[in-house]
Amino acid sequence: MSDLLIANAHIHTLDPARPCARRMLVRDGRIVAFDEAVPQESSVVTHDLGGATVVPGLIDSHVHVVWTGARHFALNLAGITTTRVLRERVAAEAERLAPGQLILGLDLDYESFDPPPTAADLDAAAPRHSVLLKGDTGHLTLANTRAMTHFGIGSETSGWHADGVLIGAANTAVAWRGPNEFAAGIGWERVLQAAADEAARAGLTTIHALEGADDDDDPGVRALLSHGSALPVRTVVYWQTTHVDAVLALGLPRIGGCIWVDGDFGPHTAALKEPYADRPCTCGELYISDERLQAFIDAANAAGLQIALHCVGDAAVAQVLRAYRAALKRHPRRDHRHRIEHFEVYDAELLRDAKELDVSVAIQPAFDGYFGGIAHNAQYLGPERAQRADAIATFDRHGIPIGGGSDSTVTPLGPLYGMHCAVNHTNPAERVTPERALRLWTIDNARLAFEEQAKGTLEIGKLADFVALDADPLAVPPASIKDIGVRLTVMGGRVTYRAEARI
């Protein structure tokens, strides 16, 4: 590998000992010198960035890689709000595909339809295909009759509805298996490459890949572990299974991810301590019993694994924190870094317990901007709880470690947009500074995965993962952060993305 020199750049290292630099030398994939220590005469490949801003390689703490890659080949349902148009799109796809192939659609905004589509509509549009149309947050699927039969879902399955709407356990049954089957049909290398290329274009050099179903084997996890080293982005794999022995057999130091402890606000399956504002008859649903959850967390914690679990509602967070507390009492660990994904509704008790247990939180600031922030959350939570949703600064004030992510495909891969949302949160009390937002997608996410010694800041000896940007996110007006473009993405000294017109 040739030496690489970054010259004429405004480099934010995020290293307190050397916050800024103008030149940086890379050798064998690692940073070896800055500024005055860079040799004047050296046989290197030089990138003169013309004063462009360089930041550490961006890290996304919550990505569903198979979903993200499949999106490049699946039906795009965004913007469709009538059953007629939906049927036409599905019918056209059925005409294109061989009989028996799975039709997968993403970004279905089911709540926008009036009247809503049903399994019968999909049966008529694609009588010889299984059809799965996933809602925009992944917590609702519309399926046709063939798909429900194919995946073994029927009236005995919790969350099944005769009109083809699947939530709860019924949705969980297809959420990972469906995209896996679709990706296998497209080809694993194509699907994973599409996701990785998208990540590189967004300035990402590492993604935490939350993959797989709750089973003792998963083709998506196997494919990612097999092909990951050839991708233009580093992957940190979290297998979403409760089968501890299977994870240990693969040599993974972590387990979980979106093991769904509850659902989401839209289908009213997020588990809340108090009833929904727009549906007072329900508080949502806990998907896992206390006994089963405790047994899993006990086993994973005792095995030395880092655990990550999906919790949207405050009741789900409370259930997981209770289980973490009991497991750590039985088998204490000083630096476990167990995670909660989302933690979208907090109260004082939950903040206190999370801090006391040293639990980390993978947050998604883009949810606030993408879905409408306080006004959107108030539909489901009411005005008071909506002020306690999608926290950022609150976690900082309580000393709870956090890191930023997209939950792609729920929101698109886009760390700069995520930073923008953190700085411009709809709740002023949750806004953070641009530098704090940048740290969420760099050193903080490195720490979430025990990788802070190699990633997250630009220091001598660390991996040469960095990004050149069109503008300085720490200096532009806050409202402009989302508009900053990526010029160059470098992973281990290798250029993984180059915006040719701007280099």
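The values are calculated or read from the model by the stated rules, or taken from the named source; none is laboratory data. These numbers were taken from a predicted model, which means no experiment stands behind them. Every residue, glycine among them, receives a Cβ derived from its backbone with ideal geometry; neighbour counts consider all protein chains shown. Just so you know, the surface numbers come from the protein's heavy atoms only, side chains and all, with ligands and any DNA or RNA stripped out. Shrake-Rupley method; radii C 1.70, N 1.55, O 1.52, S 1.80 Å.
Numerical summary
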| read-out | value |
| --- | --- |
| Gyration tensor verdict on the stretch 417-479 (Cα atoms; rounded if a/c is under 1.5, prolate if a/b is larger than b/c, oblate otherwise) | oblate |
| List THR426, THR282, THR269, ordered by accessible area with a 1.4 Å probe, largest first | THR426, THR282, THR269 |
| Cα centre as origin, Lys/Arg/Asp/Glu Cβ charges: the stretch 207-247 dipole, Debye | 360 debye |
| Degrees, to the nearest 10: 373-386 long Cα axis against longest axis of the chain | 70 degrees |
| Cross-link reach list, lysines versus LYS355, counting only Cα pairs under 30 Å and skipping chain neighbours closer than eight places | LYS273, LYS329, LYS455, LYS462 |
| Hypothetical label at GLU189: residues of the stretch 205-227 whose amide nitrogen lies under 12 Å (7 Å Cα-Cβ projection) | 227 |
| Relative contact order, percent, the stretch 74-128 [alpha-carbon distance under 8 Å, six or more residues apart] | 52 percent |
| Under-5 Å amide H pairs with ILE259, H placed in peptide plane, nonlocal only | HIS310 |
| For VAL432, residues with placed amide H under 5 Å, excluding near neighbours | VAL423, HIS425 |
| Placed amide H near THR496: partners under 5 Å, 5+ positions off or other chain | THR489, VAL490, MET491 |
| Relative contact order for the stretch 146-240, counting Cα pairs under 8 Å that sit 6 or more residues apart, in percent | 24 percent |
| Hull volume in cubic angstrom per residue (convex hull over the Cα atoms of the chain) | 146 Å³ |
| Gain in span if fully extended, ALA17 to ALA120, counting 0.36 nm per residue against the direct Cα distance | 30.7 nm |
| Selection of chymotrypsin sites (Phe, Trp or Tyr not before Pro), the stretch 414-503, meeting DSSP coil and at most 16 other Cβ within 10 Å | PHE450 |
| Segment ARG494-THR82, extension gain: residue separation times 0.36 nm, minus the distance between their alpha carbons | 143.7 nm |
| Scattering curve values for the stretch 43-88, log₁₀ I(q)/I(0), Debye with Cα scatterers, q = 0.18, 0.23, 0.29, 0.31 Å⁻¹ | -0.81, -0.93, -1.09, -1.14 |
| From phi via Karplus (6.51, -1.76, 1.60), per-residue ³J(HN,Hα) for the stretch 147-160 in Hz, x at Gly/Pro | 5, 5, 5, 4, 9, x, 10, x, 4, 7, 8, 4, x, 7 |
| Per residue Cα convex hull volume in Å³ - calculated over the stretch 299-378 | 88 Å³ |
| Dipole magnitude of the stretch 290-387, debye to nearest 20 (Cβ charges: Lys/Arg +1, Asp/Glu -1, about Cα centre) | 440 debye |
| C-alpha long axis of helix 314-330 to longest principal axis of the chain, angle in ° | 70 degrees |
| Loop GluC sites (Glu not before Pro), the stretch 138-203 (other Cβ atoms within 10 Å of the site Cβ: 14 or fewer; DSSP) | GLU156 |
| Stretch gain in nm, segment HIS72-CYS281, where the contour uses 0.36 nm per residue and the Cα spacing is subtracted | 71.3 nm |
| Estimated inter-spin distance, GLU274 and ARG30, nm [label 7 Å along Cα→Cβ] | 5.4 nm |
| Global geometry of the stretch 1-131, whether rounded, prolate or oblate, following the gyration tensor of its Cα atoms and the 1.5 cut on a/c | prolate |
| Of TYR324, ILE363, ILE340, farthest towards positive along the dipole that unit charges on Lys, Arg, Asp, Glu beta carbons give the stretch 316-369 | TYR324 |
| Antiparallel %, DSSP beta bridges [both residues in the chain], to 5 | 45 percent |
| Solvent accessible area, Å² - CYS20, 1.4 Å probe, full protein context | 70 Å² |
| The chain - charge dipole about Cα centre, Lys and Arg +1 at Cβ, Asp and Glu -1, debye rounded to 20 | 840 debye |
| Normalised per residue, the volume of the convex hull around the Cα set of the stretch 370-503 (Å³) | 132 Å³ |
| Mean accessible surface per residue for the stretch 239-317, computed with a 1.4 Å probe while every protein chain stays in place, in Å² | 33 Å² |
| Of the trypsin sites (Lys or Arg not before Pro) in the stretch 268-357, those whose Cβ has at most 16 other Cβ within 10 Å and which sit in DSSP loop | ARG333, ARG334 |
| Pair VAL476, ASP290: separation of 7 Å Cα→Cβ label points (nm) | 5.0 nm |
| Lys/Arg +1, Asp/Glu -1 at C-beta; the chain dipole; positive extreme among ALA195, ALA271, PHE466 | PHE466 |
| Convex hull projection area averaged over all views, the stretch 379-428, Cα basis, nm² | 4.2 nm² |
| ASN8-ASP48 pseudo-label distance in nm [points 7 Å out on the Cα-to-Cβ vector] | 0.4 nm |
